[in-house]
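The values are calculated or read from the model by the stated rules, or taken from the named source; none is laboratory data. It should be emphasised that the depicted structure is a prediction, and the values quoted were computed from it without experimental measurement. No Cβ is skipped: glycine too gets one built from the backbone with ideal geometry, and neighbour counts run over all protein chains shown.
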Amino acid sequence: MRLFVSGGGTGGHFFPALALIECLLEKGLNSIFVGSERGIEYKLKDKIPTESLFVPAHPFMGRSVKDKLLAILKSFKGAYRVAKLINKKDIGIAFGGYASLPLGLASLMRGASLYVHEQNSIPSQSNRLLSRFAEKVFITFEYSKSFFPSHKTIKTGLPVRKSLINGMALSREEALRRLGLEDEPTLLVMGGSQGANFLNELAKDIFAKTGWQGIHISGEKDYQALKDFYKERGLKVLLFSFSHDMHLIYRASTIALSRSGASSITELSLYGIPSLFIPFPHAIYDHQFYNAKEIEELGGGITIRQEEAHMDKVLASLQKLMENHSYYSKNISLFANPLACEEIIKYLLSKN
């Protein structure tokens with residue numbers, strides 16, 4: 001028996017899949033990663049600790065009719081390549097997005113057991129399709145339950161990489177020392193795996209106006225301009241385009257200003273970081289807004305629509321998180337499940 005794991009296109013689908021693979025390997029289980037030839041997973045293929053297969057796959061949602069037809073064609077082409085490897089004794093685990101369709105289709109073609117993990121509050125079209133044929137559907141947000149059959153839906157939470165789980169034991173003092181930061185309140189700004197121009201511009205104004213110590217993960221596009229801006233003004237902001245040391249960054253942070261993808265929310269929850277969420281306004285089905293609202297309803301953060309994110313409102317919200325840190329930190333910590341991987345593996349092996 002082999003476990004085929006697929007997820008990619010964006011970091012939101014890829015990193016949870018990578019986290020599950022780490023757990024599978026730790027338990028001595030034979031796993032194979034399946035991803036697209038064009039997504040973030042291919043760029044980060046050296047980080048995948050197991051055998052990998054990259055196949056044709058193309059985004060479907062929000063595309064022209066021509067591109068949608070191309071996406072369907074590529075999905076079946078990719079499925080055919082996966083079907084050459086997988087058989088009915090194997091297990092397929094799809095983490096959603098266009099990159100997971102080839103594995104899902106190949107599992108159906110070859111009679112392999114199929115499982116689905118949905119990261120967001122509102123599921124992708126691929127997961128809605130594949131869930132009809134799945135043994136179980138694992139979800140992250142309570143809101144997702146209404147989209148899937150109740151008898152096969154289980155809230156496990158989102159798998160998180162071992163480096164982040166292990167980093168929870170690190171003291172804040174040690175994280176600050178290793179990052180070269182002072183022992184003072186620290187604002188983390190991050191826009192997801194690809195950065196966010198709106199948050200980057202907002203962060204410049206926040207740090208310039210407050211003088212707060214900060215950590216800013218900008219993405220590649222705006223990195224140099226932000227580096228020059230912070231340097232010219234002598235601001236205490238540690239800037240990264242991307243970081244593989246998120247355990248240090250989370251442990252050093254006091255509060256966060258963030259988009260509201262499932263991975264970001266889960267990781268902020270694990271580290272108990274009160275957060276102001278400004279959801280990406282063009283996310284499919286507005287899922288980032290509903291992700292963030294679930295945390296707000298827990299009392300773990302504040303949500304502001306991007307069109308309402310004026311400086312005075314943003315600063316007032318960040319100040320509220322600072323002043324009521326213990327309350328928000330305790331509540332946001334209730335969301336994430338650090339044992340999500342173990343729970344998923346238990347279900348994968350229970351029938352197989």
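Here are a few things to note about the model shown:
- In the range 43-64, of all residues being within 14 Å of GLY7 (Cα to Cα) and at pLDDT below 80, the one that is surrounded by the most Cβ atoms within 10 Å (Cβ to Cβ) corresponds to HIS58.
- Scanning the range 130-144 for residues that are in a strand (DSSP E or B) and touching a helix residue (DSSP H, G or I) at 6+ places or on another chain (Cβ under 6 Å) yields LYS136, VAL137, PHE138.
- For the range 277-299, filtering for residues that are surrounded by fewer than 24 Cβ atoms within 10 Å (Cβ to Cβ) and not in a helix (DSSP H, G or I) leaves 6.
- Given (1) within 20 Å of SER333 (Cβ to Cβ); (2) not assigned by TED's automatic domain parsing to the domain that holds PRO102, index of the condition THR156 fails: (2)
- Of the residues making up the range 6-29, those that are in a loop (DSSP other than H, G, I, E, B) and not aliphatic (A, V, I, L, M) are GLY7, GLY8, GLY9, THR10, LYS27, GLY28.
- Subset tally (residues that are crowded, with 22+ Cβ neighbours inside 10 Å and assigned to a helix (DSSP H, G or I)) for the range 159-199: 1
- You will find that of SER264, SER243, the residue that is assigned to a helix (DSSP H, G or I), under 15 Å from the mean Cα position of the chain (by Cα) and among the hydroxyl-bearing types (Ser, Thr, Tyr) is SER264 and no other.
- Whichever residue in the range 211-222 is out of contact with any strand residue (DSSP E or B) (no Cβ under 8 Å at 6 or more places or on another chain) and not basic (Lys, Arg) and, among such residues, is surrounded by the fewest Cβ atoms within 10 Å (Cβ to Cβ): GLU220
- Failed item in (1) touching a His at 6+ places or on another chain (Cβ under 9 Å); (2) modelled with pLDDT of 80 or more; (3) more than 21 Å from ALA340 (Cα to Cα), with GLY9 passing the rest: (1)
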